[in-house]
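Below: one structure, written as structure tokens.
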Amino acid sequence: MSKPVLSDPITLRLPVDILADIETIAEASERTRSWVIVRALKYYLMAEGAEVLSIRRGQEDIEAGRSMDAEDLIAELVDRDREDAA
């Protein structure tokens, strides 16, 4: 299994209570603080972060003209349904 490509180090300030929890988790799981933080960020990116990215992609689609008015979409779907029923 290959190791992931890592970025340059970053500096991050955390509230003391959050850092304490990270350190406790790292010690209990015999992992590094970096491992715990990366894991937490991955979970964030899979949940709330994914939603933010999806919204941003939608905004980019609208800005690029890759969108359709809701009324036009409904009319198109109704027409397809009529064609399929015929």
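Numerical summary
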quantity	calculated
Of all residues making up segment 9-41, the number that are on the phi > 0 side of the Ramachandran plot and among the small types (Gly, Ala, Ser)	0
Qualifying residue in segment 71-81 (condition: touching a Leu at 6+ places or on another chain (Cβ under 9 Å) and either in a loop (DSSP other than H, G, I, E, B) or of a type in the set (Val, Ile, Thr) (or both))	no
Filtered residues of segment 33-86 (kept if open to solvent by 90 Å² or more (accessible area, probe 1.4 Å) and among the hydroxyl-bearing types (Ser, Thr, Tyr))	Tyr43, Tyr44
Pair list, Cβ under 9 Å, 6 or more apart: segment 50-74 residue within 27 Å of Ala40 (Cβ to Cβ), other residue among the aliphatic types (A, V, I, L, M) and open to solvent by 80 Å² or more (accessible area, probe 1.4 Å)	Leu53/Leu45
Segment 9-32, residues that are open to solvent by 80 Å² or more (accessible area, probe 1.4 Å) and polar (S, T, N, Q)	Thr11, Thr24, Thr32
Qualifying position, being part of a helix (DSSP H, G or I) and either at pLDDT 95 or above or under 21 Å from Pro15 (Cβ atoms) (or both), among Ala50, Ala40	Ala40
Every residue from segment 25-37 that is more than 19 Å from Leu6 (Cβ to Cβ) and either in a helix (DSSP H, G or I) or touching a Lys or Arg at 6+ places or on another chain (Cβ under 8 Å) (or both)	Ile25, Glu27, Ala28, Ser29
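The values are calculated or read from the model by the stated rules, or taken from the named source; none is laboratory data. As the structure is a computational prediction, the values presented were derived from the model and not from experiment. FYI the Cβ positions are ideal-geometry reconstructions off the backbone, even for glycines, and counts take in every protein chain you see. For accessibility, only protein heavy atoms count, side chains too; no ligands or nucleic acids. Shrake-Rupley method; radii C 1.70, N 1.55, O 1.52, S 1.80 Å.
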